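Everything on this sheet refers to the single structure shown next.
The values are calculated or read from the model by the stated rules, or taken from the named source; none is laboratory data. Quick caveat: nothing in here was measured; it's all calculated off a predicted structure. Here the Cβ positions follow ideal geometry from the backbone for every residue, glycine too, while neighbour counts run over all protein chains shown.
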Amino acid sequence: MAMYTYNDMRFVLKKLGFIKIRSQKHETWEKIVDNENVLQVRLSHKGKRDIPKGTFSDMLKQAGIDKIMFRDLLKG
């Protein structure tokens, strides 16, 4: 599996329409979806560091996307 950084995740979240609502110990990114549910993703401030595999999977679930969609958004 390719390793992705926290900066990669920020880039994809911005493309998906998430906005950063908090930046203290961790960043909280939020997006209100069509049915008025709120998606939230928490990120570390470690910009260029690789995201651990389990943490990456958790963030994808929080964002409502899969690895393929993440990779495609990151490329495009």
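Scanning the stretch 10-56 for residues that are of a type in the set (Ser, Thr, Tyr) and under 10 Å from the mean Cα position of the chain (by Cα) yields a single hit, THR28. Taking the criterion of being of a type in the set (Asp, Glu) and out of contact with any strand residue (DSSP E or B) (no Cβ under 6 Å at 6 or more places or on another chain), would at least one residue in the stretch 11-33 satisfy it? No, that holds for no residue. Pairs needed: first member in the stretch 50-75, touching a residue at least 12 places away in the same chain (Cβ under 8 Å); second member anywhere, in a helix (DSSP H, G or I) and of a type in the set (Lys, Arg); C-beta distance under 6 Å; at least 6 residues apart or different chains. Partner pairs satisfying both residue conditions: LEU73/LYS15. Residues that are modelled with pLDDT of 95 or more and not in a strand (DSSP E or B) within the stretch 11-31 comprise PHE11, VAL12, LEU13, LYS14, LYS15, LEU16, GLY17, PHE18, listed in sequence order. Of all residues in the stretch 32-49, those satisfying the criterion of being of a type in the set (A, V, I, L, M) and either part of a helix (DSSP H, G or I) or free of Cβ contacts under 8 Å to residues at least 24 places away in the same chain (or both) are ILE32, VAL38. Mind checking whether some residue in the stretch 37-59 is of a type in the set (S, T, N, Q) and touching an Asp or Glu at 6+ places or on another chain (Cβ under 7 Å)? Within the stretch 37-59, one or more residues are of a type in the set (S, T, N, Q) and touching an Asp or Glu at 6+ places or on another chain (Cβ under 7 Å). When the stretch 16-40 is limited to residues that are out of contact with any Gly (no Cβ under 8 Å at 6 or more places or on another chain) and charged (D, E, K, R), the one that is surrounded by the most Cβ atoms within 10 Å (Cβ to Cβ) turns out to be GLU27. The single condition among (1) surrounded by 14 or more Cβ atoms within 10 Å (Cβ to Cβ); (2) in a strand (DSSP E or B) that MET69 does not meet is (2).
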